[in-house]
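Here is the structure we will look at.
Each reported figure results from applying straightforward, stated rules to the coordinates on display, with no laboratory input. These figures come from a predicted structure and were not determined experimentally. Note: ideal-geometry Cβ built from the backbone for every residue, glycine included; neighbour counts use all protein chains shown.
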Amino acid sequence: MDWLSAENITLIIMVLTVTFGVFLYFRNPQVDTEKRDAILQQQVQWGSEATERRFKEMNENFQLLLAQSQNHIHTVDTKVENLTNIVTQMGKDIVCLRTIIEERIPRKSSTS
């Protein structure tokens, strides 16, 4: 039972401690890196979802503005058409009034 001496037991404990220490030294950074990678992946996913949501909102706002502008353009076109009809009718009325005035008030001849 030579191998169960105090020196051998101390050596075995020391070798196991060093081995476990080296294992933890190399394992902990890997675990920390995996945690950081998972956190970074989650942040990227949240950022991408937020960006996607913002673009969707912008698209909806753009579609709403486009619909409103088309409605306004249609309204302006209708009003311009109405004004054109009114001006045309006023021109006809002026010609009619001129004819009536010329018939009722004879022109003075300039051949005096």
What is the dipole size for the chain, taken about its Cα centre, with +1 at each Lys and Arg Cβ and -1 at each Asp and Glu Cβ, in debye to the nearest 20?
-> 1240
Given charges at Cβ of Lys, Arg, Asp, Glu: the chain dipole, positive-most of Thr88, Ile105, Val22 | Ile105
Per the C-alpha gyration tensor (a ≥ b ≥ c, the square roots of its eigenvalues), segment 70-112 is rounded if a/c is under 1.5, else prolate if a/b beats b/c, else oblate; here it's prolate
In the list (i) -0.56, -0.80, -1.21, -1.37; (ii) -0.88, -1.01, -1.14, -1.19; (iii) -0.93, -0.92, -1.10, -1.19, the entry giving log10 I(q)/I(0) by the Debye sum over Cα atoms at q = 0.13, 0.17, 0.22, 0.24 Å⁻¹ computed from the coordinates is (ii)
In straight Cα distance, which lysines are under 28 Å from Lys92, not counting same-chain residues fewer than 8 positions off?
-> Lys79, Lys108
Please find, in a Gaussian network model of the chain (springs between Cα atoms separated by less than 10 Å), the residue of Met90, Met58, Met14 whose mean-square fluctuation is greatest.
-> Met14
Treat each spin label as a single point 7 Å out from the Cα along the C-beta direction, and report the Leu16 to Gln70 distance in nm.
-> 7.9
